[in-house]
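Asker: My questions all concern the structure below.
Quick note: the coordinates plus some simple rules give every number you see, no bench work behind them. Everything quoted here is computed from the prediction, not taken from an experiment. Because the Cβ atoms are built from the backbone with ideal geometry, glycine has one as well, and the counts that use them run over all protein chains shown.
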Amino acid sequence: MENPLDRRARPSITVLEDPRAVARDAAERVTTVATDVLRTADAFRLVLSGGSTPAALYEMLAGGEARDRIAWTRVHFFWGDERCVAPNDPASNYRMARKALLDPLKIPASNIHRIRGEAAEPDAAARDYESEIREHFGLGPSDPPPSFDLILLGMGADGHTAALFPKTPAMEERTRWVVPNRAPAPPEARLTLTPVLINRARWVVFLVTGSDKAKALKEVLEGPADPVRLPAQGIRPENGPLEWICDKAAASYLRRLTTERGP
Ligand code: 6PG
């Protein structure tokens, strides 16, 4: 019997055949949440994940039926994390999204809120990004963190998410919304949203594919709570659903009854 007080008990887990099916399902999720928000709000604030998994999703959003279903000029793009590299560096999360999504959709520059990974001082860049978020949401210096409409996240084989890596200082952060952090693999210097901000989101979706994630996914979803060692466990949105959209390879160790959809 799941402990209702364990907020992880609430996530929905969808297991699909392969990465393409995951991207398709995620594109539908982004589309339905965006169109729903834009029925009553003037803007849809979306936080993009980095890494390689979401590239297929971004390409589907830019090229599939979602292209005509979402009022893209009212969508504002933010990032969950960035590598401390130039925006045209192959390792840049912004560069990947620009090529797969932002350029094809001709998103106006005013709607693109990238993290300045190239800054000489990462801590200053983190504070600047927090200020940009505050300004975008019209918040004052003592206001609580805002709620993004949807945050997309990935997960590494070590259970990290965004640039929240196991046993790193960012996992202890209780005040700041954006901080510098170190990754165990190059590029080591990163900038990341913290759980302080991520957990205020109205909707959080993890996209996880590949057998290399299977062990971590089982530990995160079915193992004992240990968010410092498994940062993805630290993502427990207070204001809305937490969804995991995975392929069979990543979900292959899971015991729990999951929502198997698809072929
Ligand atoms: C990053 C991401 C990171 C990513 C995971 C999974 O900057 O790398 O934000 O958290 O989502 O490492 O990466 P893959 O999708 O490449 O497996």
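Asker: Could you line up 14, 35, 209, 175 from fewest to most neighbouring Cβ atoms inside 10 Å?
Answerer: 175, 35, 14, 209
Asker: Just need the relative contact order of the range 1-153 here, percent rounded to a whole number, with Cα pairs under 8 Å and 6+ apart.
Answerer: In percent, rounded to a whole number, it is 25.
Asker: How about the range 189-253: which GluC sites (Glu not before Pro) there lie in a loop by DSSP and see at most 13 other Cβ atoms within 10 Å?
Answerer: Those that pass, being in a loop and sparsely packed, are 238.
Asker: Return the long-range amide H neighbours of residue 44 (sequence gap of 5 or more, or a different chain), with a cut-off of under 5 Å between placed amide H atoms.
Answerer: 75, 76
Asker: Can you give me the long-range amide H partners of residue 105? Hydrogens built in the peptide plane at 1.01 Å from N, cutoff under 5 Å, separation of 5 or more residues or another chain.
Answerer: When sequence neighbours closer than 5 places are left aside, there are no close amide H contacts.
Asker: With θ set to phi - 60° and the Karplus curve 6.51 cos²θ - 1.76 cosθ + 1.60, what are the ³J(HN,Hα) couplings of the range 99-116 in order, to the nearest whole Hz, using x for Gly and Pro?
Answerer: Couplings: 5, 7, 9, 6, 5, x, 8, 6, 5, x, 4, 5, 9, 10, 10, 7, 7, 7 Hz.
Asker: Then there's this: Short version: ³J(HN,Hα) in whole Hz for each residue of the range 167-180, in order, from phi by Karplus 6.51 cos²θ - 1.76 cosθ + 1.60 (θ = phi - 60°), x for Gly and Pro, what are they?
Answerer: These are the phi-based 3J(HN,Hα) values: 6, 9, x, 4, 6, 9, 5, 10, 10, 6, 8, 9, 9, x Hz.
Asker: With the contact rule set at Cα under 8 Å and sequence spacing of 6 or more, what percent relative contact order holds for the chain?
Answerer: 26
Asker: With 10 angstrom as the radius, rank 37, 179 by how many other C-beta atoms surround their C-beta, starting from the fewest.
Answerer: Numbers: 37 20, 179 25.
The fewest-first ordering by Cβ neighbours comes to 37, 179.
Asker: Find which of 56, 165, 126 sits farthest along the positive direction of the dipole of the chain, computed with +1 on the beta-carbon of Lys and Arg, -1 on that of Asp and Glu, about the Cα centre.
Answerer: Positive-most Cα among the choices belongs to 56.
Asker: Here is a follow-up. Based on the mean of other beta carbon atoms within 10 Å per residue, what is the order of 246-254, 77-85, most packed first?
Answerer: In descending order of packing, they fall as 77-85, 246-254.
Asker: What dipole magnitude, in Debye to the nearest 20, does the chain give about its Cα centre under +1 on Lys/Arg Cβ and -1 on Asp/Glu Cβ?
Answerer: 240
Asker: Could you put 136, 113, 160 in order, starting from the residue whose Cβ has the fewest other Cβ atoms within 10 Å? Write down the numbers at each step before the final one.
Answerer: Values: 136 14, 113 18, 160 24.
The fewest-first ordering by Cβ neighbours comes to 136, 113, 160.
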